[in-house]
Amino acid sequence: MSALDLPAGQRVVVAAFGDDPVQAIEQLAALEPQAAPDPATLAAGDVIVAVQSASVGWVDLLMTSGQYQHMPEPPYTPGLEYAGVVAWVGSDARGLGVGDEVFVDPFLAGPRSLGAYRAYGGFASYAVAPWPAVRRIPRGLSVDQACNLLGNYETAYHCLVTRGRLAAGETVLIHGASGSTGLAAVHVAKLLGATVIATGRSDAKLAIVRAEGADHVINTTRDDGASGVCELRDPVKALTGGRGVDVVYDGVGGEISIESLRCLRFGGRFLVVGWASTPAVAKGRGGRGAPNANQLPTNLIMMKGIDVLGCPTAIATVNDPQLRPPRLAQVLAWAESGQIRPHVSHVFPLADFKRAMLAKWRGEVVGGCVVHP
Ligand SMILES: NC(=O)c1ccc[n+]([C@@H]2O[C@H](COP(=O)([O-])OP(=O)(O)OC[C@H]3O[C@@H](n4cnc5c(N)ncnc54)[C@H](OP(=O)(O)O)[C@@H]3O)[C@@H](O)[C@H]2O)c1
């Protein structure tokens, strides 16, 4: 028992960065005992959260091999986003009490944040966060949904609204639409009044994406059984009266990016969101440089007058903190009013964190995947 009579728990520790996420998850990550944090060692503005659910995000996977641009110092505990119950509040922590159901802002605490609180990841029984990072869960959201809210929907907002200027009546082609950020983009695009064409590699997952609001879905696997992406221009032009889409939201990268340029109308916007299909862009083990960076053909960009827009949500926000307040307010307002409900397809006990991370890696998940300490 701790000074607070909280029982000891467990946490995942990544001992060192791996060559790639699979090697890191299988060989370098382990479950260890965790003593409950001792309030005597904490600041007056701190909050102890007894974690009930932590999201398993793509970034959590990439971080284990240091292939994500932001690197915590190993040994570290993964879990960018988590939700649970307040177990202790410092004397300066405002608006929170023991027992409150809360979720923690991944920009201000956890492994993606800057500063002392990045030591506390959500793959643990307990985490400590500064009180401004700890928010009450919006009405109607479960802990599983709450830890899949900010990262995904703020990314979708940054890409589609801040960068993409997506307007009502426009059409957006969303790749990786069954993913966490991709499904959030489907929801946000529909709230903005756009028509959504969603792509993916599985009819079963695309059926869920359609039920979640996509107007049209396209399976990108090839008819001849070869690997790679099918031809997309003709089906997309058929769905847009021959015109092409106004915006492409590309979280997949590689071959599909080039195919997408052919699907855009003249003067369309191409949003570079991520590259789930080419995760080895950067070196493993935290090595710097991008030896396998994706390339785009300048002839198509030039002749079609395409705007190519890089959309790194966290980095853009560090560069311009003013981007965040309106974005956060809109995402929270949509959640409070019930207009966004993160879809979570997979739930694992924390003890099965390797299975959870590998399920995410293999693309078995639709929307969110969570672990329960
Ligand atoms: N711009 C930003 O600020 C930002 C923020 C967060 C994440 N990201 C990036 O955005 C990308 C997507 O993130 P996410 O969290 O949505 O990931 P995710 O939940 O794992 O979804 C990625 C989706 O990509 C599709 N995909 C296509 N080819 C794939 C392949 N070869 N391997 C794995 N997936 C493949 C999968 O859908 P199907 O199986 O249906 O094809 C999968 O559902 C990642 O590169 C991530 O780093 C960017």
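Read-outs throughout are calculated quantities, based only on the coordinates presented, and are distinct from any laboratory measurement. These figures come from a predicted structure and were not determined experimentally. Cβ: placed from backbone, ideal geometry, glycine included. Neighbour counts: every protein chain shown.
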Result of the Cβ filter at 9 Å on the stretch 53-67, keeping first residues that are on the phi > 0 side of the Ramachandran plot and partners that are within 13 Å of the ligand (Cβ to nearest atom) and not charged (D, E, K, R), at least 6 apart or interchain, is G66/A282
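Right, G289: over 18 Å from G164 (Cβ atoms) and surrounded by 17 or more Cβ atoms within 10 Å (Cβ to Cβ) or not?
no
Please go through the stretch 210-250 and pick out each residue that is over 24 Å from K304 (Cβ atoms) and exposed (fewer than 12 other Cβ atoms within 10 Å of the Cβ).
Keep residues of the stretch 210-250 that are over 24 Å from K304 (Cβ atoms), which gives 210-214, 217, 219, 221-227.
Answer for the stretch 210-250, where residues must be over 24 Å from K304 (Cβ atoms) and exposed (fewer than 12 other Cβ atoms within 10 Å of the Cβ): A211, D223, D224, G225, A226, S227.
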Selection over the stretch 150-206 where residues are among the acidic types (D, E) and over 18 Å from D307 (Cβ atoms) yields a count of 2
Picking from I174, I218, the residue that is under 20 Å from the mean Cα position of the chain (by Cα) and either assigned to a loop (DSSP other than H, G, I, E, B) or more than 10 Å from the ligand (Cβ to nearest atom) (or both) would be I174
| said: Condition (residue is assigned to a loop (DSSP other than H, G, I, E, B), surrounded by fewer than 22 Cβ atoms within 10 Å (Cβ to Cβ) and of a type outside the set (A, V, I, L, M, F, W, C)) applied to the stretch 115-132: is it met by at least one residue? | reply: yes
When restricted to G164, G193, G179, G213, the only residue among the small types (G, A, S) and within 8 Å of the ligand (Cβ to nearest atom) is G179
Per the filter on the stretch 328-373, residues away from the ligand (no atom under 12 Å from the Cβ) and buried (at least 21 other Cβ atoms within 10 Å of the Cβ) are V331, A335, I340, L350, F353, A356, V370, V371, P373
For the stretch 24-45, pairs from a residue that is in contact (Cβ under 8 Å) with a residue 60 or more places away in the chain to a residue that is part of a strand (DSSP E or B) and among the aliphatic types (A, V, I, L, M), with Cβ under 6 Å and 6 or more apart or across chains, are A29/V12; A29/V14; L31/V12; Q34/A124; P37/I48; P37/V128
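Regarding Q67, is this residue polar (S, T, N, Q), out of contact with any helix residue (DSSP H, G or I) (no Cβ under 6 Å at 6 or more places or on another chain) and either crowded, with 17+ Cβ neighbours inside 10 Å or assigned to a loop (DSSP other than H, G, I, E, B) (or both)?
On the way: polar (S, T, N, Q): yes; out of contact with any helix residue (DSSP H, G or I) (no Cβ under 6 Å at 6 or more places or on another chain): yes; either crowded, with 17+ Cβ neighbours inside 10 Å or assigned to a loop (DSSP other than H, G, I, E, B) (or both): yes.
For Q67, the condition - polar (S, T, N, Q), out of contact with any helix residue (DSSP H, G or I) (no Cβ under 6 Å at 6 or more places or on another chain) and either crowded, with 17+ Cβ neighbours inside 10 Å or assigned to a loop (DSSP other than H, G, I, E, B) (or both) - is met.
Give the number of residues within the stretch 270-286 that are of a type in the set (F, W, Y) and either exposed (fewer than 15 other Cβ atoms within 10 Å of the Cβ) or part of a loop (DSSP other than H, G, I, E, B) (or both). Working first, answer last.
Taking the stretch 270-286 and keeping what is of a type in the set (F, W, Y), we get 270, 275.
Retained after the next criterion (residues that are either exposed (fewer than 15 other Cβ atoms within 10 Å of the Cβ) or part of a loop (DSSP other than H, G, I, E, B) (or both)): 275.
Adding up the residues that qualify gives 1.
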* Is one or more of the residues making up the stretch 309-319 near the ligand (Cβ under 9 Å from one of its atoms), among the small types (G, A, S) and in a helix (DSSP H, G or I)? -> yes
